[in-house]
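Quick notes on the structure that follows.
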Amino acid sequence: MGPPPDLSATMHPPPPLTALPDLRNQLNGAGWAVLSAAALGALCDIATPSLPEWRALWQDLPPDAHLRDGGRYRRRRHGCFTVQAGQVAAVPARAHWQPVEYNALHGGYERWFDPLPAALVADPAWHALLAGLGRAADLLGAAPCWYGEAHMFRINTEGGIGRPTPEGAHRDGVDLVAVLLIDRHNVKGGETRVFDARGPQGMRFTLSEPFSVLLLDDARVIHETTPIQPLLADSPAWRDTLVVTLRRGGFQGPQAGPT
């Protein structure tokens, strides 16, 4: 069996990249920005060659037991943390919760997931990444403390198709959403779509560079990612991402607050 076909024939154009010095203007002007892996490394003071070592951790994600569409295509881990004065602290395990106004498919109830790998949480680069994303969130308006959630996702094509956002175009009910592409393997589709929440203006592109990141002002834009399918039907296919959300005032919950 030969190598997978060239992805360029099946992908939409790459995203327009924002230079790091322009990040504030781009986020405040458009409500979203895409940083290259190198720019993300500069934002977070991380040596980007070390990030690919994280990829192996996505091989050990348990199935998402909460998919209400009956699918088996999503694997996931979850963790919570705070970022305060540049210091990152893990918090005890807690459920992921969203109101139905933001997630009509999976909102309104507590979803528990297996924790993030200890090797990831202990990595100094992990703390640097979260602190850097806290600085990006400050560009939207500084907060004394950011309450964050991190989701490791693997979307595969078990059953023929995988849905990165089964809830459709949505907001998350937070302040900043960061979507890091970790890996694409033998897939077509997975187009990112970002739209102004107040009108039809939007952009469509495909994230393809590992450890590039899409940053979203969740109050101003909605987003989704289209389904994926395998390029070679008889070979495994997946799209791995890390989604980090930051929220001021406390974690989301039936009674939202900092606890």
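Since every read-out is calculated from the coordinates, none of them should be taken as a lab result. Here the structure is a predicted model, which means the values were calculated and not measured. Quick reminder, even Gly has a Cβ in these numbers, built from the backbone with ideal geometry, and neighbours come from all protein chains shown.
Computed quantities for the displayed model
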| item | result |
| --- | --- |
| Computed E for ARG55/GLN201 - FRET, C-beta separation, R0 35 angstrom, nearest 0.05 | 0.50 |
| More than 23 angstrom apart: percent of Cα pairs within segment 108-259 | 42 percent |
| Mean Cα-pair separation over length for the chain, i.e. relative contact order, pairs under 8 Å, 6 or more apart, % | 26 percent |
| Calculated from backbone phi, Karplus (6.51, -1.76, 1.60) coupling profile of segment 36-45 in Hz, x at Gly/Pro | 5, 4, 5, 5, 4, x, 5, 4, 9, 6 |
| For segment 177-259, convex hull of alpha carbons as volume per residue, Å³ | 130 Å³ |
| For a label point 7 Å along the Cα-to-beta-carbon line of HIS66, residues of segment 160-187 with backbone N under 18 Å | 163-175, 177-178 |
| Loop-located chymotrypsin sites (Phe, Trp or Tyr not before Pro) in segment 24-85, at most 14 other Cβ atoms within 10 Å (DSSP) | none |
| At R0 = 22 Å, FRET efficiency that the Cβ-Cβ distance of HIS185 and ALA119 yields, to 0.05 | 0.55 |
| Phi-based couplings in Hz for segment 185-197 (Karplus 6.51, -1.76, 1.60; Gly and Pro marked x) | 9, 6, 10, 10, x, x, 7, 8, 10, 10, 10, 5, 5 |
| Semi-axis lengths (Å, descending) of the ellipsoid that matches the C-alpha gyration tensor of segment 138-218 | 25, 16, 13 |
| Euclidean distance between Cα centres, segment 115-193 to segment 75-92, Å | 13 Å |
| Cleavage-rule hits (trypsin sites (Lys or Arg not before Pro)) in segment 150-259: DSSP loop, at most 13 neighbouring Cβ within 10 angstrom | ARG198 |
| The chain shape via C-alpha gyration tensor axes, a/c threshold 1.5 | rounded |
| Derived scalar couplings ³J(HN,Hα) [segment 217-227; Karplus, 6.51 cos²θ - 1.76 cosθ + 1.60; whole Hz; x for Gly, Pro] | 7, 5, 6, 10, 10, 10, 8, 7, 10, 6, x |
| FRET efficiency, 1/(1 + (r/R0)^6) with R0 30 Å, evaluated for GLN87 and ASN28 via beta carbons | 0.70 |
